[in-house]
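Report on one structure; see the data block that follows.
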Amino acid sequence: MSDRMIVIGGGLVGAAVAFGAAREGLGVCVLDQGDSAFRASRGNFGLVWVSSKGAEMPRYAAWSRDALKLWPDLQRELQELTGVDSGLRQVGGFWLGFSDKEMKARYELLSGISRAVDGIPFRMMEPSELRHYLPGLGPKVAGGSFCELDGDANPLMLLRALHSGLIEKGADIVSNVDVVQVRYDQSNGVFEAVAADGQRWQAERLVLAAGLGNARLAPQVGLQAPVKPSRGQVLITERLQPFLHYPMNKLRQTVEGSVQIGSSSEDVGFDDGTTPDVIEWQVKRAVAAFPALAKARLVRAWGALRPLAPDAYPIYEESESCPGAFVVTSHSGVTLAAAHCYVIGPWAAGLSQTPPDFADFSAERFRDPNKSFSHAH
Ligand SMILES: Cc1cc2nc3c(=O)[nH]c(=O)nc-3n(C[C@H](O)[C@H](O)[C@H](O)COP(=O)(O)OP(=O)(O)OC[C@H]3O[C@@H](n4cnc5c(N)ncnc54)[C@H](O)[C@@H]3O)c2cc1C
């Protein structure tokens, strides 16, 4: 057998997990669909963010916090190995509120998380203090919060760096492959992935990191991934002189100068289009935050689909009936990239123990028919 681990999905999640295994010396084969695939990894906002994460799941807040700490190592390793800069900036990040009600809710949310989990600091700020960091802030802003751990990255460059890193480590990346079946042979412990065109790959370990595709594949190896699409629309302005020196949850200026405005959360099935009403709402909010943006030209808008679990938290689980098969899915693939690489990769490769309290991330939580889920995304 030439490959020891098959990873289905070459988006940010699959590529990070695969790189984490390949850098440990495992033979890895990544199978990925073609350009027609739904790929959140190519349409996201690029935040590397912990603020407000995990209000109902402290393990997730801690996981995001720890992922942020690992990110500089990933940035450095990928840059040294591939020469590609993933654009990590961990300068702190802001959230802006437009009413006292929003400010109060934000304070309660962040202080609840901070009480539950150590090491996620935050500071609420009045508009006068905010302007010190964010000159040009409009009069409609009622205040904001700041977290020194937050930041952003260039998600496309991160994806490219991970793919280049995989190639450097000898992994195979096979594109234009639609895996329709995965199966496990109990007699020899070997997994087989079968593509729509009949191609087959075999390995002793299998990672399902196919984003929305996980929902269909996971049950075939005794796992569950009840992920559904959540559309986000993102807008880009022409390049402007640098004026935003910190990322915000709905607004950031890239190093190239474009201002990225995002991102909505819409339950519209598999429609990844854009709509004038959402674009208008996002633009109004951005201009309310920074009135100078009224003069900026929008050059592009797109929609992309987040793979979202019913409670919007990740699913990480090894199959009990097919040991060696893992499901890995998360709607924060940029934020969690380093944790997916340095923690999930070795775990799925069989090189490390299950991380502490990982039962919290099992899809078991969705199996109770009397339980209902909601999420803020
Ligand atoms: C608008 C928007 C904004 C976002 N903002 C942020 C942010 O600021 N920070 C952050 O951390 N996250 C953000 N996210 C979430 C982030 O983009 C996702 O968590 C991440 O991209 C998920 O990566 P993935 O690899 O699981 O899925 P995807 O990127 O969807 O990739 C899945 C891959 O699996 C492949 N695949 C699927 N089915 C099969 C199959 N049957 N056979 C072979 N291959 C298959 C597809 O080809 C695809 O490449 C945002 C998402 C959106 C949409």
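The values are calculated or read from the model by the stated rules, or taken from the named source; none is laboratory data. Note that the structure is a prediction, hence the values are computed from the model and not measured. Cβ placement follows ideal geometry from the backbone for every residue including glycine, while neighbour counts extend to all protein chains displayed. Heads up: the accessible areas ignore ligands, DNA and RNA and are worked out on the full protein's heavy atoms, side chains in. Shrake-Rupley method; radii C 1.70, N 1.55, O 1.52, S 1.80 Å.
Counting only Cα atoms, the size of the range 126-212 along its three principal axes is 67, 27, 24 Å, in decreasing order.
Taking the chain as a Gaussian network of alpha-carbon nodes connected by springs under 10 Å, the highest mean-square fluctuation of the residues ALA294, ALA15, ALA62 belongs to ALA294. Roughly how far apart, in whole Å, are the Cα centres of the range 246-270 and the range 2-31? The distance from the Cα centre of the range 246-270 to that of the range 2-31 comes to 29 Å.
Remark: the Cα gyration tensor places the range 93-148 in the oblate category, a/c being 1.5 or greater and a/b not exceeding b/c.
At 222 nm, what value in deg cm²/dmol follows for the chain if DSSP H runs of at least 4 each add -39500 (n - 2.57) and the sum is divided by all its residues, to the nearest 500? Numbers along the way, then the final one.
On the way: 8 runs with 96 residues, N = 377.
The helix-only estimate for the chain comes to -8000 deg cm²/dmol at 222 nm.
Of all lysines in the structure, the ones whose alpha carbon falls short of 17 Å from that of LYS250, not counting any fewer than 8 places away in one chain, are LYS53, LYS140, LYS284. The per residue volume of the convex hull around the alpha-carbon atoms of the chain is 136 Å³. Springs between alpha-carbon pairs under 10 angstrom, Gaussian network model over the chain: which of PRO229, PRO276, PRO307 fluctuates most? Of PRO229, PRO276, PRO307, the most mobile in the Gaussian network model is PRO276.
Of interest is the spacing of the C-alpha centroids, which for the range 306-325 and the range 136-208 amounts to 14 Å.
Solvent exposure of VAL255, expressed as accessible area, is near 120 Å², computed with a probe of 1.4 Å over the protein chains only. A 1.4 Å probe run over the protein chains yields, for the chain, 44 Å² of accessible area per residue, whole-number rounding.
Of the peptides 151-160, 213-222, how do they stack up when ordered by the mean number of other Cβ atoms within 10 Å, highest first? Walk me through the intermediate numbers first.
Values: 151-160: 21.9, 213-222: 19.9.
Ranking the peptides 151-160, 213-222 by packing returns 151-160, 213-222.
Just to confirm the number: angle between the C-alpha axis of helix 12-22 and the first principal axis of the chain, 0 to 90 degrees, nearest 10? For helix 12-22, the angle is close to 50 degrees.
Two decimals, Cα atoms only, Kirkwood Rh: what is Rg/Rh over the range 244-377? Mind dumping the intermediate values first?
Numbers: Rg = 19.2 Å, Rh = 18.0 Å.
Dividing the radius of gyration by the Kirkwood radius yields 1.07.
If you wrap the Cα atoms of the range 176-326 in a convex hull and average its projected area over all directions, you get 11.6 nm².
When you restrict to C-alpha pairs under 8 Å that are six or more residues apart and normalise by the size of the chain, the relative contact order lands at 25 percent.
Considering only the chain, what is the antiparallel percent among its DSSP beta bridges, to the nearest 5? Provide the component values of the computation, followed by the final result.
Numbers: 43 of 58 bridges.
Restricted to the chain, the bridges split so that about 75 percent are antiparallel.
At a 1.4 Å probe radius, carbon and sulfur cover how many percent of the accessible area of the chain? Mind showing how you got there, number by number?
Working: 8020 of 16430 Å².
C and S atoms contribute 49 percent here.
With the biggest extent put first, the Cα atoms of the range 228-308 measure 38, 22, 19 Å across the principal axes.
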